[in-house]
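Where a number appears in this text, it was derived from the coordinates with a stated rule and is not lab data. The model shown is predicted, which means the values in this text are computed figures rather than measured ones. Here the Cβ is made from the backbone with ideal geometry for all residues, glycine too, and neighbour counts use every protein chain on show.
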Amino acid sequence: MRIENKDGRFVVHGTGNWYNHWRDPYHLLLKIPWIGFVGIVSTFYLLLNTFFALAYLAGGDCLNGAKHGDFNDAFFFSVQTLASIGYGAIHPHTFYANLIVTIEAIVSLLLIAVVTGLAFARFSQPMARVLFSQSIIITPHNRQPTLMFRVANERHNFILEATAQMYLILDEVTAEGDFIRRIHELKLLRQRTPSLILTWTIMHSIDPDSPLYGLTASDLANRHANISVLIGGVDETVAYTITARHVYITEEILFDYRFEDIIHNSESGDRFFDYSYFHQVKPIE
């Protein structure tokens, strides 16, 4: 794992590329993996108990049943207080200790409420499991060069009123000689489908009105082009609006290739989908 600070942004490499601003801890705790969430909560919990254990030790002999000056007894008494366990073997007997217990009880109420809310928010986040083909190809379709890629619904339930958007992002120089990174929306042959349950091949026709018209593979590489794709819809099972995003870099844009067919016929005449061919492409002969 490698930690890096970029322009005030805390970045952690090697744990799924999760990162966020320290000034936005709520977003950080929602987006990091579960192992990171549990790790941060556990670390904070241990540090908080350590802080209160030191506070009890600072009060001298203020805990009945605890060894005088013993950090372990003070620490585990703090754990019991913070979790509202209350075994009773150790209890406060001075005003100072009762004051610290009162403060810790208030902190416990707030901490449990915050962590419970964060855990529920993480569980209730609508998550799309949309599979994108590894490559996006440019191939003839109805005698017209066409950009196309595949998507599939990995949950095999219905995504209702599914929509697709595609954008070409590349370097350009304006008439004034200014360098810009421009985004072009690509018009799709079919932008909406009533339901997405199996697969959907999304296509953009490269006609004279297309931003891709006349561009070659070397042109796209020289202009650091990539294609951003957005898929949206309503998950029928949970009735949540879901979105999925994917970016194809220049090296994943293949000219003069076709997708392998994933629809096959069985010996009995039934048709079936073979997803082992989902990502496979073959050159046009």
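Residues in region 74-83 carry Karplus couplings, in order, of 5, 5, 6, 5, 5, 4, 5, 5, 5, 8 Hz; the curve used is 6.51 cos²θ - 1.76 cosθ + 1.60 with θ = phi - 60°, and Gly or Pro positions show x. Computed from backbone phi, the HN-Hα couplings of region 194-201 come to x, 7, 10, 10, 10, 9, 8, 9 Hz, rounded to whole numbers (Karplus: 6.51 cos²θ - 1.76 cosθ + 1.60, θ = phi - 60°; Gly and Pro given as x).
Taking packing as the residue-averaged number of other Cβ atoms within 10 angstrom, the listed peptides 74-87, 261-274 run from highest to lowest as 74-87, 261-274. Between residue 240 and residue 271, the contour length at 0.36 nm per residue exceeds the Cα-Cα span by 8.0 nm. Seen from residue 246, the other residues with C-beta closer than 14 Å to its C-beta sum to a net charge of +1, counting Lys and Arg as +1 and Asp and Glu as -1. Which option, [x] 0.98; [y] 1.31; [z] 1.19, is the value of Rg/Rh (Cα atoms, Kirkwood Rh) that was calculated from these coordinates? It is the one labelled [z]. Database remark: amide H of residue 280 closer than 5 angstrom to the amide H of 260 (H placed geometrically; neighbours at sequence offset of 5 or more, or on other chains; Pro and chain starts carry no H).
Farthest toward the positive end of the dipole of the chain, out of 54, 43, 141, is the Cα of 54, where the dipole comes from beta carbon charges about the Cα centre. Positive contributions from Lys and Arg (+1) and negative ones from Asp and Glu (-1), summed over other residues with Cβ under 12 Å from the Cβ of residue 281, come out at -1. Annotation note: trypsin sites (Lys or Arg not before Pro) in region 140-235 located in DSSP loop regions with a Cβ neighbour count of at most 13 within 10 Å are 143, 187, 190. Simple rule: put +1 on each Lys or Arg Cβ and -1 on each Asp or Glu Cβ in region 130-283, find the dipole, and look at 151, 280, 211; the Cα lying farthest toward the positive end is 151. Compute the acute angle (0 to 90°) between the alpha-carbon long axis of helix 34-58 and the principal axis of greatest extent of the alpha-carbon atoms of the chain; round to the nearest 10°. For 34-58 against the chain, the angle is about 20 degrees. Relative contact order for the chain: 13 percent, from Cα pairs under 8 Å spaced at least 6 residues apart, divided by residue count. Gaussian network model of the chain, Cα springs within a sub-10 Å range: biggest mean-square fluctuation belongs to which of 234, 173, 130? Among 234, 173, 130, the largest GNM mean-square fluctuation belongs to 173.
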